[in-house]
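The values are calculated or read from the model by the stated rules, or taken from the named source; none is laboratory data. Being a predicted model, the structure only gives us computed values, none of them experimental. Don't worry about glycine lacking a Cβ; one is built from the backbone with ideal geometry, like all the others, and counts go over all protein chains shown.
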Amino acid sequence: MKKASKAMQREPSKASLKEMPEIDFTTSRVRRNPYARRIASEGLSIKIGRGRPKKTDISAATVPRSVRFAPSVWAQLEKRARAKGITLHAALREAILTWAKRAA
């Protein structure tokens, strides 16, 4: 499919702008973020379970990073995570967040 050329992407004409009614901001209502109060009181949380979070869950965007450990360290981490009943990556997130909070 072809992209629209610059000639096709024109601004609205003066006549069409005059025809548009002005917006009355005194009658409009602002829709507040329903989760803002909860985020302010509890802060953002990181998902611990498997799979995609539910729409109602509040979570921050994440960035994938690579971490290298010796195989023995990975085995130890997997064993601890399994004992706690959580995933390996959830255990890593928990450990890093605990360390970061302690350092602050």
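Please specify each residue of segment 84-95 satisfying the condition of being small (Gly, Ala, Ser) and either surrounded by 13 or more Cβ atoms within 10 Å (Cβ to Cβ) or at pLDDT 90 or above (or both). Reasoning before the result, please.
Of segment 84-95, the ones small (Gly, Ala, Ser) are 85, 90-91, 95.
Ala90, Ala91, Ala95 - these are the residues of segment 84-95 that are small (Gly, Ala, Ser) and either surrounded by 13 or more Cβ atoms within 10 Å (Cβ to Cβ) or at pLDDT 90 or above (or both).
Pairs under 9 Å by beta carbon, first residue within 15 Å of Gly51 (Cα to Cα) in segment 73-90, partner aromatic (Phe, Trp, Tyr) and part of a helix (DSSP H, G or I), six or more apart or different chains?
What qualifies is Leu88/Trp74.
In segment 58-83, which residue that is assigned to a loop (DSSP other than H, G, I, E, B), small (Gly, Ala, Ser) and at pLDDT 80 or above is nearest to the chain's Cα centre (by Cα)?
Of the residues in segment 58-83, the ones assigned to a loop (DSSP other than H, G, I, E, B) are 58, 60-70.
Now drop any that are not small (Gly, Ala, Ser), which leaves 60-61, 66, 70.
In the following step, the residues that additionally are at pLDDT 80 or above were identified as 66, 70.
Values: Ser66: 19, Ala70: 31 Å.
That would be Ser66.
Which one is surrounded by the fewest Cβ atoms within 10 Å (Cβ to Cβ), of the residues in segment 1-57 that are assigned to a loop (DSSP other than H, G, I, E, B), of a type in the set (Asp, Glu) and modelled with pLDDT of 80 or more?
Residues of segment 1-57 that are assigned to a loop (DSSP other than H, G, I, E, B), as a first pass: 1-5, 9-13, 20-35, 43-44, 46-57.
Still in the running and of a type in the set (Asp, Glu): 11, 22, 24, 57.
With the extra rule that they be modelled with pLDDT of 80 or more, the set shrinks to 11, 22, 24.
Details: Glu11: 7, Glu22: 5, Asp24: 7.
Applying the filter and picking the extreme gives Glu22.
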